[in-house]
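Here the structure is laid out as structure tokens; the discussion comes afterwards.
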């Protein structure tokens, strides 16, 4: 069977960094990754470039195995053959610390992700053997954005101020605005969902 899954919790950052979800006054200067002073959740210093797991926090991206995104956790081993590429913007996870806690900022200047303009893209790919013994290659791509301040959540769907659907809710503060799936064995080809508002990542 196809092995791609939607990441639970707060996507792939549960083991990456501890988030700061409280508003803090902006200090006079921000600490960058280049300083060597910013820390990951395991207490290690974050460096520029890709780390051993596939995270490049300076470049706002991950490129590696699905299980590597979770530090090769035991529970995700059934998905160890899934390849994953993620990209995000500064509001999702910044490449600097401006609130002084020595961790990369999330939704800096906002009490939550709502209205922050945060976005993430997620691209998975892999292969599986179907019931007929055929090897099936698949890929899946999705765009996720933080809901804007004037959005409302109703029956699992985020809607804008005019009542137009933004997209299905995920992880509370976020909406899916586009899904693309290609798998010939499952007869899936191309766009599976497109936000009636727009599928662009900017200006949310």
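Contact annotation: residue pairs with Cβ atoms under 7 Å, 6 or more positions apart or on different chains, pairing a residue in segment 179-202 that is on the phi > 0 side of the Ramachandran plot with a partner that is modelled with pLDDT of 95 or more, are 190/180; 190/182.
Checked against the criterion of being part of a strand (DSSP E or B) and surrounded by 15 or more Cβ atoms within 10 Å (Cβ to Cβ), segment 92-105 contains one or more residues that satisfy it.
Listed here are the residues, each with its yes/no results for (1) under 23 Å from residue 171 (Cα atoms); (2) at pLDDT 95 or above.
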site: 50; (1), (2): no, yes
site: 60; (1), (2): yes, yes
site: 64; (1), (2): yes, yes
site: 70; (1), (2): yes, no
site: 86; (1), (2): yes, yes
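Of the residues that make up segment 126-139, is at least one surrounded by fewer than 14 Cβ atoms within 10 Å (Cβ to Cβ) and within 17 Å of the chain's Cα centre (by Cα)? Lay out the reasoning, then the answer.
Just the residues of segment 126-139 that are surrounded by fewer than 14 Cβ atoms within 10 Å (Cβ to Cβ), to begin with: 129-135, 137.
When the remaining residues are screened for being within 17 Å of the chain's Cα centre (by Cα), the result is none.
No - not one qualifying residue is present in segment 126-139.
Residue pairs whose Cβ atoms lie under 9 Å apart, separated by 6 or more positions or on different chains, with the first residue in segment 132-159 and on the phi < 0 side of the Ramachandran plot and at pLDDT below 95 and the second outside any loop (DSSP other than H, G, I, E, B) and surrounded by 16 or more Cβ atoms within 10 Å (Cβ to Cβ), are 132/185.
Could we say that residue 138 is in contact with a strand residue (DSSP E or B) (Cβ under 7 Å, 6 or more places away or on another chain), in a strand (DSSP E or B) and more than 28 Å from residue 82 (Cα to Cα) here? Even if it seems obvious, please write down each step before you answer.
On the way: in contact with a strand residue (DSSP E or B) (Cβ under 7 Å, 6 or more places away or on another chain): yes; in a strand (DSSP E or B): yes; more than 28 Å from residue 82 (Cα to Cα): no.
In short, no.
The values are calculated or read from the model by the stated rules, or taken from the named source; none is laboratory data. As the structure is a computational prediction, the values presented were derived from the model and not from experiment. Please note: Cβ atoms are built from the backbone with ideal geometry, for glycine as well, and neighbour counts cover all protein chains shown.
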